[in-house]
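The values are calculated or read from the model by the stated rules, or taken from the named source; none is laboratory data. The shown structure was predicted, so the numbers you read here are calculated from the model rather than taken from an experiment. Every residue, glycine among them, receives a Cβ derived from its backbone with ideal geometry; neighbour counts consider all protein chains shown. For accessibility, only protein heavy atoms count, side chains too; no ligands or nucleic acids. Shrake-Rupley method; radii C 1.70, N 1.55, O 1.52, S 1.80 Å.
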Amino acid sequence: MNHLKLGNLFCARGVFALAFFYSLSAGLLIQLVMLPFVMPALDAGHGLLKGGDWIGFHQEAVQLANRIHHEGWAVWELRPQGNAPIGIAAAAYVLTGISEPWILMPLNAGLFAVGATCLYMMFSLLAPHRLAFAATMPYVLFPSAAVIYGQIHKDVWSIAGMTLIALVWVRIAAYSKLNWKDTGIQAMLTLTGVLFVWLVRPYMVQVLLVASILIVFAIAFWLFTGSDKNKFTIHGLIRMALPLIFLIVFVKFPLGTSAQEMVLSKEKELVTQEMVLSKEKGLVTQEMVLSKEKGPVTWQLIWQRAQLIPAFADNLLSKFVSKLAEDRQGFTKGYPGAGSNIDTEDEFHSASDVGRYIPRALQIALFAPFPNMWWESGSSPGAGHMRLVSGIEMAFTYLLMPGVVLLFLCRGFHGPITVILIQAIVPAIILALVVSNVGTLYRMRFVNLQMLNGLGMIGWVTWLQYWNTKYRRIQD
């Protein structure tokens, strides 16, 4: 990469090494020492924390590994029940002959370190190396990250993928001219990022596509309204088109599963669906019947045509927005007793309903869990401790968040800053529209919040340097 200075590349490798060895050491410490000996009340066995999906992932992986031992690799699946961590863990158990989650820690640490390196490389385009390094540290050092890399988790894969894609977009915005070799490297990074996200959370590819489309519009607007319009070249068009093409291809890939399907498959519920379209009334009615051991549970989703939006626009929005409404009901009805549920009474029946909820979704996406939630005990094992930890992290985030505004005041609508902001906020809002459980949302939007934390830290330092320089000029 010709545009990366040798010192920057060296620092990026240092960040990767630091994040890798830190997360590897912390993850092994948690699994082998902390849970079994220091906090046995929270230990579910095998170094796993009670109350998480990772317990089922490990159990299913052990069963699949045993089947592979007896029947051969023909029975191996990449995503049993739609969950790639099961297939990956089973393969690791067979190849190493060790059916313990700690064997996955080098892989988890490597993926987590990819996220840290990508964040550092993005921030280094906005600030000196030391400040970029400091802006990356909340991602590495926040205690809640230990749940991501220290257990059998989907998020460690999706975070690596999302940061790779974000890095590509930031470099497109930062560099007007790259050679074809650099373009090829960015294409490989994009493809790898999309694969990582699609592997564990296929529905997130759609979310990233929406954010990427907005980024293309932002970059185009920035170029056409800027002083140097010659930056908009055929080469630049190709560089912007490649990430969109990869995202669109994987959105259409048939193995995708929605957030709702993920919830229902995890609960092992049988789902039947009927959809009735009424042109006269302009309604889409979707009835879902869940068959459980304790009896059937039924809910109904009625989608109404928006009155204030033209019919052609509403038709374009209806598929995407009604899917948000469907998935939100899946989370709400799938986890009715979750201790950190929020706004479960809010349902979407039209594009207007979604539009009215967006300000609230933005509030939840950026600031939840709120201070009144920090001291609650929670319903799952260790939830009280996790809420306290998340409260400390959110207090730190509240302090950094104004720095994002200060960064814009000092730098203006700088291309890379705008791109990072879109990558941070847009997916977080869409997740908040769908996920009505703060605990789940906190994990899923972890990297988005860390992008904002990094921007905020850079913004505060930039603002302080600006006023320090101005004060010295006044004194002179």
* To do: Please name all residue pairs, on different chains or six or more residues apart, with Cβ atoms under 6 Å, provided the first residue is in region 410-434 and is touching a residue at least 24 places away in the same chain (Cβ under 8 Å) and closer than 14 Å to Val447 by Cα and the second residue is open to solvent by less than 20 Å² (accessible area, probe 1.4 Å) and among the basic types (Lys, Arg).
  => Ala428/Arg445; Leu431/Arg445
* For region 174-201, which residues satisfy the criterion of being crowded, with 23+ Cβ neighbours inside 10 Å and modelled with pLDDT under 90? -> none
* So which residues in region 175-213 are part of a loop (DSSP other than H, G, I, E, B) and of a type in the set (A, V, I, L, M)? -> Leu178
* Structure fact -> Those residues of region 128-145 which are part of a helix (DSSP H, G or I), open to solvent by 20 Å² or more (accessible area, probe 1.4 Å) and not charged (D, E, K, R) amount to His129, Leu131, Phe133, Ala134, Met137, Leu141
* Pick out, from region 387-476, the helices (runs of 4 or more DSSP H) lying fully within it that include 3 or more residues that are β-branched (Val, Ile, Thr) and surrounded by 19 or more Cβ atoms within 10 Å (Cβ to Cβ). => 415-434, 446-475
* Asked: Does region 364-385 include one or more residues that are modelled with pLDDT under 85, assigned to a helix (DSSP H, G or I) and open to solvent by 80 Å² or more (accessible area, probe 1.4 Å)?
  -> yes
